[in-house]
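The values are calculated or read from the model by the stated rules, or taken from the named source; none is laboratory data. The structure presented is a predicted model; accordingly, all values stated were derived computationally and were not measured. When we count neighbours, we look across all protein chains shown, and the Cβ atoms used for this are built from the backbone with ideal geometry, even at glycine. For the accessible areas, the whole protein counts, side chains as well, though only heavy atoms, and no ligand, DNA or RNA atoms are used. Shrake-Rupley method; radii C 1.70, N 1.55, O 1.52, S 1.80 Å.
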Amino acid sequence: MDERIVMVDSGTGLKLTEEQLDERSAVATVQLRRRGVRSGDTVLICLRVGPDLLVSTNAVIAAGGVVWPLPPDLDTATLRDRIHESGARVMISDVRQALDAAEESRVRIVMSVADLNGSCPSWAPPT
Amino acid sequence: MTVPAPHNLPVEPNRFIGRERDVSELGALVRAERVITLSGVGGIGKTRLSLRVAAQARPWFADGVWLVELARVGDPALVVNEVAGVLGVRDELPGRLLDGLRLRLRDASTLILLDNCEHLVERCAELVAQLIAECPRLRFLLTSREPLRIQGELVWRVPPLELPDERHPDAESVLLFVERALAAGARAVTEHMPDVVRLCRALDGLPLALELAAARTGLLSPGRIADRIGDRFALLTTGHRTAPARQRTLLATVEWSHDLLTPKERVLLRRLSVFAGVFDLGLAERVCADGGILRRAELLDLLAGLVDKSLVLHQGGAGRYRLLETIRQYAADRLEEVGEVARLRDRHLRVVCEEMERCYEGGSLEPRMPWPARLAHFIRGRTLLDDCRAAIDWAVASRDAVTGLRLARAALAILAVRGDLGESVGWHERLLALDLAKVPDDVVAVAAAALAYGLELADELERAEELIVQGVEEQKRHPYTHWLGISYGVALTVFFRTGRTERALRYMEELEAAASAHDDPFNLATARIARLNLALFQGRLRQARRHGEEALALGRQAGHHWTQARALTHLGAVAEAAGDLETALSCHADALPLLEGMDNRVELARCHAQLGRVAAGLGDRAAARKHVAAGLELSRKAGQRRGVMRALSALSALAQAQGDLEGRCWPGPPPPRCASRSGRSARRGGCGSC
């Protein structure tokens, strides 16, 4: 089994293989589409550097979206301005300040990393 | 998608503007997700958006799209009642509504829209989580300032309408403002577009704020409005300085709009906040006019003024009005501020009580009256039930046991005709727990009997017995009333059911004597039906039929469809016992339309089951299946487990008659027909309630 490593998280030492990246990105792309992300849409991503950031970015691009990254260490006021400026409908973040800053924005849906992984119950459509 | 699915969504009051992409995305999400919560501050347009989404989702939900308005529900325990009420689930046994809901929704492809959950978030979260887990095809769309925070909930934050900029001078907010301003008769509004843009920005694109501002463009130019609302932010008088910007914007606008009202309009607006939901002019006059500040004659004009200013909605143009929840809360705060709450709530309680009593008396007390005239009173009474709940809450809170009990008993009469008086048990229990020292003995006695009535239906015979004896004995010391007749009916049912036939007979004879002496055909018929049951039980079929025919004649003279339907279904049972299935069939068939007209789904389902059984006996399997299926469907929809069991056992009997043992739904032999019928008949005969 030749597992190609595509990323190493220097904080945790965890490695992401190419296969994992592809698989997680594919799942995340489906989740983004289910929540209405369309070609040309801007999607905010506010995550610490690491595999989740890579997967999210990949997924947004695969869904035809435009990635609008936000460094998580910005102060709330700056975050708020950037969120406002983006005009994004969807934000991917688990960062407290970013969630607060999105409160009075035009962001409709905030997705956590768990949402992207489809780990929240995904329900069957009505039959 | 072939048959239009049922729904209870209101007609949109005016054109829906903007949010096209949101509506279409939510339309897809509502089919993919189990629970979506539209969140955001008051006035941002959650309700309107949710109604739009729900209306467009109708083709995808074969079992309907149902709006449940929770704004008026104060007590978390009543969320289930509200949902059950909308879905037509009847209280089989008091306190078992949730069970009924599960039964109703288990296999139903249904979208439930819970509007305004914020004050009941915990209870809503529990209920939604429970129902979602057990009903695989059920979906929820909610509006709430706060999310439920349950697993699987998709929180969808409703943004304000788009604001104009250089590239999009015709943004959603501008379109909404201009549309509503033109509707308000401000033709010149489009000549001030830069001011309109400034105003839309000042109002942050909040739909309710835009509506309130647009309603004033007849008098003030958009530029003036923008200036004045700008000043407002500086001097918000109602606190909330630390509230989020949107909330402050809205509050400033509501305050501004409120302050522009004439003093009388202000008084009326705050007083209208005591209504639970929709109200009509007549009720508004009686509750809000005081002969001093507000005279009755001027109320219509004042109300029309509030409608013009978008503070009151004219619901469907049928002379029915309501307040938007955000406005109702603001108005309620103003009422509190001037210290008028107790006075207005007292008056609301009194007026609702009088009106409910009028409905009860109109429908029940006249010995002879054509049915349509009676039904009109019952239907009117049903429209008062939301206000009745709010009024009973106030009666408990303000310890006004007398008025509360009078209202509760009048409402019970309205509920009983429709076959669901479960809710009244809670009312009576709460009211009877108050200090009753100043309550007349006869009022307490009727209340005890009314509580016993509900408890008997819930099979709590021991408590029912104690209360009903107390209720009847005390009432006997007072002049005869229709209530005493009903109480006797409950008493003899309780004693028949507990096997003390002697005491039951004694009450039956007393009832006959009293009801005959006081020209009370409704209760006299109850006594006749009790005699029929007794005779049937003892195998004296000829006498049983005679008693039933007397009851039927009484019902016809009185013009009371309920009496007629009860007499007919019992005559059907007698005919069936005598082996005369043709007569049985025609009796039940005659009862069917009467019960349909009363909307008494519990008895209607039973009637279908009886028809199914008789048709099967006659060898008409097609008709039998049709009726059993109709009964099953009704019971399922009303969440009636007993009804479902009855229908399943009928199906089983039917399958057996056809030699189709594979298709039997009942594990084991069908229930013994005679025993089950007479057992039930004895119950049914007593009070005419079941």
Checklist entry - For the stretch B:393-431, what are the residues that are in a helix (DSSP H, G or I) and of a type in the set (Asp, Glu)? => result B:Asp393, B:Glu423, B:Glu429
Next on the checklist: Among the residues in the stretch B:65-80, are any within 13 Å of another protein chain (Cβ to nearest Cβ) and over 22 Å from the mean Cα position of the chain (by Cα)?
Outcome noted: no
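Inside the stretch B:148-159, can you point out the residues that are within 8 Å of chain A (Cβ to nearest Cβ) and either in a helix (DSSP H, G or I) or out of contact with any Phe, Trp or Tyr (no Cβ under 9 Å at 6 or more places or on another chain) (or both)? It would help to see each step written out before you state the result.
The initial filter retains those residues of the stretch B:148-159 that are within 8 Å of chain A (Cβ to nearest Cβ), namely B:151-152, B:154-159.
Scanning the stretch B:148-159 gives B:Gln151, B:Leu154, B:Val155, B:Trp156, B:Arg157, B:Val158, B:Pro159.
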Next on the checklist: Please go through the stretch A:50-66 and give me each residue that is open to solvent by 40 Å² or more (accessible area, probe 1.4 Å) and in contact (Cβ under 8 Å) with a residue 24 or more places away in the chain, ordered by number.
Outcome noted: A:Asp52, A:Leu54, A:Asn58, A:Ala62, A:Val66
Item to check | Sole residue being open to solvent by less than 10 Å² (accessible area, probe 1.4 Å) and either free of Cβ contacts under 8 Å to residues at least 60 places away in the same chain or within 21 Å of B:Arg374 (Cα to Cα) (or both), chosen from B:Ala411, B:Ala397 | outcome: B:Ala411
Item to check | Scope the stretch B:81-120; condition within 21 Å of B:Pro10 (Cα to Cα), open to solvent by less than 30 Å² (accessible area, probe 1.4 Å) and out of contact with any Gly (no Cβ under 7 Å at 6 or more places or on another chain); matching residues | outcome: B:Glu82, B:Val83, B:Leu87, B:Gly88, B:Ser109, B:Leu111, B:Ile112, B:Leu113, B:Leu114, B:Asp115, B:Asn116, B:Cys117
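To keep it simple, each residue is scored yes or no on (1) of a type in the set (S, T, N, Q); (2) farther than 13 Å from A:Gly64 by Cβ; (3) surrounded by 13 or more Cβ atoms within 10 Å (Cβ to Cβ).
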| position | (1), (2), (3) |
| --- | --- |
| A:Arg4 | no, yes, no |
| A:Gly13 | no, yes, no |
| A:Glu19 | no, yes, no |
| A:Glu23 | no, yes, no |
| A:Ala26 | no, yes, yes |
| A:Thr29 | yes, no, yes |
| A:Thr42 | yes, no, yes |
Next on the checklist: Which condition from (1) within 21 Å of B:Gly43 (Cβ to Cβ); (2) open to solvent by less than 60 Å² (accessible area, probe 1.4 Å); (3) not aromatic (Phe, Trp, Tyr) is the one that B:Ala284 breaks?
Outcome noted: (1)
Item to check | Condition check for B:Arg145: touching a strand residue (DSSP E or B) at 6+ places or on another chain (Cβ under 7 Å), open to solvent by 60 Å² or more (accessible area, probe 1.4 Å) and within 13 Å of chain A (Cβ to nearest Cβ) | outcome: yes
Checklist outcome for this item: All-but-one check, A:Gly87 against (1) more than 10 Å from chain B (Cβ to nearest Cβ); (2) more than 30 Å from B:Leu111 (Cα to Cα); (3) open to solvent by 10 Å² or more (accessible area, probe 1.4 Å), failing number (1)
Checklist entry - Before we move on, is B:Leu98 outside the structural domain of B:Arg139 (by TED's automatic domain parsing) and either within 23 Å of B:Asn600 (Cα to Cα) or in contact with a helix residue (DSSP H, G or I) (Cβ under 6 Å, 6 or more places away or on another chain) (or both)? => result no
Next on the checklist: Could you check the stretch A:104-118 and list, in sequence order, the residues that are within 7 Å of another protein chain (Cβ to nearest Cβ) and among the charged types (D, E, K, R)?
Outcome noted: A:Glu104, A:Arg106, A:Arg108
Item to check | Of residues in the stretch B:28-39 being open to solvent by 20 Å² or more (accessible area, probe 1.4 Å) and more than 28 Å from the chain's Cα centre (by Cα), the one nearest to B:Ser310 (Cα to Cα) | outcome: B:Ala28
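Conditions (1) at pLDDT 95 or above; (2) farther than 30 Å from A:Val37 by Cα, marked per residue:
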position	(1), (2)
B:Arg72	no, yes
B:Val79	no, yes
B:Asn116	no, no
B:Leu138	yes, no
B:Leu142	yes, no
Item to check | Segments classed as helices (runs of 4 or more DSSP H), wholly inside the stretch B:290-392, with at least 1 members that are open to solvent by 70 Å² or more (accessible area, probe 1.4 Å) and basic (Lys, Arg) | outcome: B:296-308, B:341-364
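Looking at the stretch B:249-262, is at least one residue under 30 Å from B:Arg350 (Cα atoms) and part of a helix (DSSP H, G or I)?
Filtering the stretch B:249-262 for residues under 30 Å from B:Arg350 (Cα atoms) gives B:258, B:261-262.
From the residues that got through so far, the ones that are part of a helix (DSSP H, G or I) too are B:258.
For the stretch B:249-262, residues under 30 Å from B:Arg350 (Cα atoms) and part of a helix (DSSP H, G or I): present.
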Checklist entry - Inside the stretch B:316-351, can you point out the residues that are touching a residue at least 60 places away in the same chain (Cβ under 8 Å) and among the basic types (Lys, Arg)? => result B:Arg328, B:Arg334, B:Arg345, B:Arg347
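Is it the case that some residue within the stretch B:578-590 is crowded, with 24+ Cβ neighbours inside 10 Å, of a type in the set (S, T, N, Q) and touching a helix residue (DSSP H, G or I) at 6+ places or on another chain (Cβ under 7 Å)? Walk me through how you get there before you give the answer.
Start the filter on the stretch B:578-590 by keeping residues that are crowded, with 24+ Cβ neighbours inside 10 Å, which leaves B:584, B:587-588.
Still in the list and also of a type in the set (S, T, N, Q): none.
Within the stretch B:578-590, not a single residue is crowded, with 24+ Cβ neighbours inside 10 Å, of a type in the set (S, T, N, Q) and touching a helix residue (DSSP H, G or I) at 6+ places or on another chain (Cβ under 7 Å).
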Checklist entry - Taking the stated definitions as given, is B:Leu163 in the same structural domain as B:Ser109 (by TED's automatic domain parsing), assigned to a loop (DSSP other than H, G, I, E, B), closer than 21 Å to B:Gly42 by Cβ and in contact (Cβ under 8 Å) with a residue 12 or more places away in the chain? => result no
Checklist outcome for this item: Among the residues of the stretch B:44-62, the number that are more than 10 Å from chain A (Cβ to nearest Cβ) and open to solvent by 10 Å² or more (accessible area, probe 1.4 Å) is 10
Next on the checklist: On the basis of being part of a loop (DSSP other than H, G, I, E, B), within 14 Å of chain A (Cβ to nearest Cβ) and surrounded by 20 or more Cβ atoms within 10 Å (Cβ to Cβ), does B:Pro136 make the cut?
Outcome noted: no
Checklist entry - Quick one: would you say B:Arg201 is without any contact (Cβ under 8 Å) to a residue 12 or more places away in the chain, within 14 Å of another protein chain (Cβ to nearest Cβ) and open to solvent by 20 Å² or more (accessible area, probe 1.4 Å)? => result no
Checklist entry - Do any residues in the stretch A:68-82 that are in contact (Cβ under 8 Å) with a residue 40 or more places away in the chain and within 16 Å of A:Leu53 (Cα to Cα) have Cβ atoms under 9 Å from those of residues that are outside any helix (DSSP H, G or I) and open to solvent by 80 Å² or more (accessible area, probe 1.4 Å), where the two are at least six apart or on different chains, and which pairs are they? => result none
Item to check | Residue list for the stretch B:560-580, filter: of a type outside the set (A, V, I, L, M, F, W, C) and touching a residue at least 24 places away in the same chain (Cβ under 8 Å) | outcome: B:His560, B:His561, B:Thr563, B:Gln564, B:Arg566, B:Thr569, B:His570, B:Gly572, B:Glu576
Next on the checklist: With the requirement that a residue be open to solvent by less than 20 Å² (accessible area, probe 1.4 Å) and away from every other protein chain (no Cβ under 14 Å), what does the stretch B:10-27 give you?
Outcome noted: B:Ile17
Checklist outcome for this item: For B:Ser635, the lone unmet condition from (1) at pLDDT 90 or above; (2) crowded, with 24+ Cβ neighbours inside 10 Å; (3) hydroxyl-bearing (Ser, Thr, Tyr) is (1)
